[in-house]
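Beneath this line is the structure, given in C-alpha cells, with notes to follow.
Laboratory data are not the source of any read-out in this text; all were calculated from the coordinates shown. These figures come from a predicted structure and were not determined experimentally. Methodologically, a virtual Cβ is constructed for each residue, glycine included, from the backbone with ideal geometry; neighbour enumeration extends over all protein chains shown.
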Amino acid sequence: MQTLADQPIQGIRSAFLDFVGDPFYTDDASSVRYISDGLLVVENGVIVDFGSYENLRNHYTNIPITTYSNNLVMPGFIDTHIHYSQYEIIAAYGEQLLEWLNKYVFPTEKKFKDKSHAKKIAALFLDELLKQGTTTALVFATVHAESVDAFFEGASHRNLRMICGKVLMDRNAPSYLTDTPETAYEETKKLIQKWHNHNRLLYAITPRFAITSTNEQLKIAGKLLQEFPDIYLHTHLSENIQEVQWVAKLFPNSLGYLDVYDRAGLVGKKSVFAHGVQLTDAEFERLSEAKAAISFCPTSNLFLGSGLFRLSQAKSNQHPVKVGLGTDVGAGTSFSLLHTANEAYKVMQLQGKPLSAFKALFLATLGGAQALSIEDKLGNFEPGKEADFIVLDLHATPLMANRTSRFPAQSLEDLAEKVFGLMMLSDDRAVQAVYIAGKLAHSLATVL
C-alpha cells in the first residue's frame, strides 16, 4: 500500500463545488463555494492549495495536472450510518423493523463469526462504497470481533478513513449473536487498542440499540467512553413506533428512549444516533445541548415504513442538531448518497418543507464530516485536509446530458439547477473517478 508520505505533488483541474458554511443557516453565496475552472493541489495525500486555475497556474508550472473537462469535482461523500454485514440482504422483502431484524438480519450476521466470510463481504462492501463516491463511513460490524478485524483490514488496505465497531447485544437476540457485559468490555477494549487511530481508522462503541442491551451493558459502553474519550458512540434511536414502545417497557424508569442512553453516559459530542424519526421535542433539545449527531436515513425509513424524519426541526435555529446522511444499507435500498439525497428531498416534500440540492449535498459532505467530528480532516477543499474527492459526470446518461447541458455552470443559480438534476437522476455511472488521499482509487466501473 502506498503511504501518504510518498505521493508527489500533483494538480487536479476541473469545476469544483464544496461548502464553507451551512446552507441551512446562511445564504448560498455565503455557504457554497463554486469555481468553474479551479485547481486542487495535493501532496502526500493532503490538500496544499486550492483556488481558481487562473490565480494558481503560475505557482505550479512544473507539476503534473490531471484535467477533468465538463465534470464536477466534490469532496468525497460521507455516509454516517451503514451496516457492512447487511450487504447480502439489501432489498429483502416486506417487513417492518423488528420483524425484519429477526427474519433477515440476525441469521445473516451469524455468518460473520467466520473471518473468511467477513473479509469477503468487507471487500465487496468497500468496493461498492468507492464505486458510489463514498469515501468515509460510520459502519456497523457484528457482535463478532472477527467482523471488526476483517473490516478494518480491508479499509486499511484501501487507505480509507473509516469508523467501525463491534456490536454489543446481551439480550433480545439469538444466543449465537449475544455477548455479555464482561465479554463486550474485554473484546471492545482490545479492538480499540488495536485499531483506533491505526492509519486512518477510528473506533465506535456500538450497542445495536437499547432493546438488545441491558442496563449493565449500556453502562459498560459508558465506561469505555470514559476510558477512551476520543472514540465514538454509534447506535440506533427512535426509529420505529413499536421499538419506542418496547424501550419504554424495558426501561420503565427512563424519561424516554434518549434518556436510556443518557443515564449510561452515552450522549455526547461524538455520539451518532441513527434515524431519530420518533424523537420528542425534548429529545431534540437534549441532542442539541450535548452536541450529538443524527444520521438521517431516508431510504431505510421509507422502506421499513418507519416514518418521516423532521429535518427542519433538527436544523432549527433554537436547538440545532448536527445531521448527516446515512444509507443504512441493508434496510436502506441504495449505497449511493446521491440517491439517498434524492429520497431525502421527497421525505421533506411530504412534510411540506423544501430541501435544496445545496442543502442535501452539504449533508453528504461537510455536514457529514461535522456530524462525525472530522471536519478538521474532511468535508471540503480547505488546505491541510485529507485529499479524498470524487469526479462527477453530469452527462453520464443521455437523460442527464439533456437535463444538465451547458456545463460548467456560470452562476450559483444555474449550478443549483444542474446539481439538483444530478441528485435526482444519477446513479453510479455519474461517479467518473474517486481519489483517496490524493491517489486514484476508482475509475468508472473499475476499482484499482
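Using 1/(1 + (r/R0)^6) with R0 = 35 angstrom and r between the beta carbons of Ala248 and Lys190, what's the FRET efficiency to the nearest 0.05?
It comes to 0.50.
What would the Debye formula give as log10 I(q)/I(0) at q = 0.10, 0.11, 0.13, 0.20 Å⁻¹ for the alpha-carbon point model of region 81-237, no solvent?
-0.32, -0.39, -0.55, -1.34
Could you compute the net charge surrounding Ala184? Neighbours are other residues with a C-beta less than 9 Å from the C-beta of Ala184; K and R count +1, D and E count -1.
Once positives and negatives cancel, what remains is -4.
Give me the extension gain from Gln351 to Glu382: residue separation times 0.36 nm, minus the current Cα-Cα distance, reported in nm with one decimal. Don't skip to the end; give the middle numbers.
Details: separation 31, 0.36 × 31 = 11.16 nm, distance 3.49 nm.
Extending this stretch completely gives an extra 7.7 nm.
Give me, ordered by chain and number, the residues 5 or more places off Val431 or on other chains with an amide H under 5 Å from its own placed amide H.
Asp393
Which order do the peptides 189-202, 226-239, 325-338 come out in when sorted by mean C-beta neighbours inside 10 angstrom, highest first?
325-338, 226-239, 189-202
Would you mind calculating the relative contact order of the chain from Cα pairs under 8 angstrom and at least 6 residues apart, reporting the percent as a whole number?
Averaging sequence separation for qualifying contacts and normalising by length gives 19 percent for the chain.
Excluding Lys353 itself, what net charge comes from residues whose Cβ is under 13 Å from its Cβ, given Lys and Arg +1 and Asp and Glu -1?
Combined, the nearby Lys, Arg, Asp and Glu give +4.
Quick one: which residues, 5 or more positions from Arg33 or on another chain, have an amide H under 5 Å from its amide H? H modelled 1.01 Å from N in the peptide plane, none for Pro or chain starts.
Here the answer is Asp18, Phe19, Val20, since their amide H atoms fall under 5 Å of that of Arg33.
Given the alpha-carbon gyration tensor of region 1-137, what are the semi-axes of its equivalent ellipsoid in whole angstrom, ordered largest first, with each equal to the square root of 5 times an eigenvalue? Can you show the working numbers first?
Numbers: eigenvalues 321, 90, 26 Å².
After diagonalising the Cα gyration tensor, the semi-axes are 40, 21, 11 Å.
Using the alpha-carbon centroid of each, what span in Å lies between region 76-138 and region 282-311?
One Cα centre to the other: 20 Å.
What's the extension gain from Glu182 to Asp414 if we count 0.36 nm per residue and subtract their Cα-Cα distance?
77.8 nm
Set the bar at 27 Å for Cα to Cα. Now go through Lys270/Lys418; Lys113/Lys269; Lys115/Lys190 and name every pair that lies beyond it.
Correct reply: Lys270/Lys418; Lys113/Lys269.
Roughly how large, in nm² to one decimal, is the mean projection of the convex hull of the alpha-carbon atoms in region 174-230?
Spelled out: convex hull of the Cα atoms, projected over all directions, averaged, 4.2 nm².
Quick one: what Rg and Dmax do you get for region 72-128 from the alpha carbons, in Å?
Cα-based Rg and Dmax for region 72-128 come out at 13.9, 43 Å.
Please state the Cα pair-distance histogram of region 77-371 with 5 angstrom bins from zero: what percent is in each bin?
All Cα pairs, binned at 5 Å, distribute as 1, 6, 13, 18, 21, 19, 13, 6, 2, 0 percent.
Please report the net charge: other residues with Cβ closer than 15 Å to the Cβ of Ile63, K and R +1, D and E -1.
Working: positive: Arg13, Arg57; negative: Glu43, Asp49.
Neighbour charge sum, excluding Ile63 itself: 0.
Expressed as a whole number of Å, what is the distance separating the alpha-carbon centroids of region 204-277 and region 330-347?
Value for the Cα centre distance between the two parts: 25 Å.
Looking at the chain, send over the antiparallel percent of its DSSP beta bridges, to the nearest 5.
Roughly 45 percent of the beta bridges in the chain run antiparallel, per DSSP.
Using only Cα atoms, tell me the angle between helix 145-157 and the longest principal axis of the chain; keep it within 0 to 90° and round to the nearest 10.
Approximately 10 degrees, to the nearest ten.
I'd like the antiparallel share, as a percent to the nearest 5, of DSSP beta bridges with both residues in region 1-66.
Taking every DSSP beta bridge within region 1-66, about 90 percent pair in antiparallel fashion.
Could you check the spin-label model distance between Asn317 and Asp27? Points 7 Å from the Cα along Cα→Cβ, value in nm.
1.5
Between Arg57 and Asn197, what is 0.36 nm times their sequence separation minus the Cα-Cα distance? Round to one decimal in nm.
Numbers: separation 140, 0.36 × 140 = 50.40 nm, distance 3.60 nm.
The Arg57-Asn197 span can extend by a further 46.8 nm.
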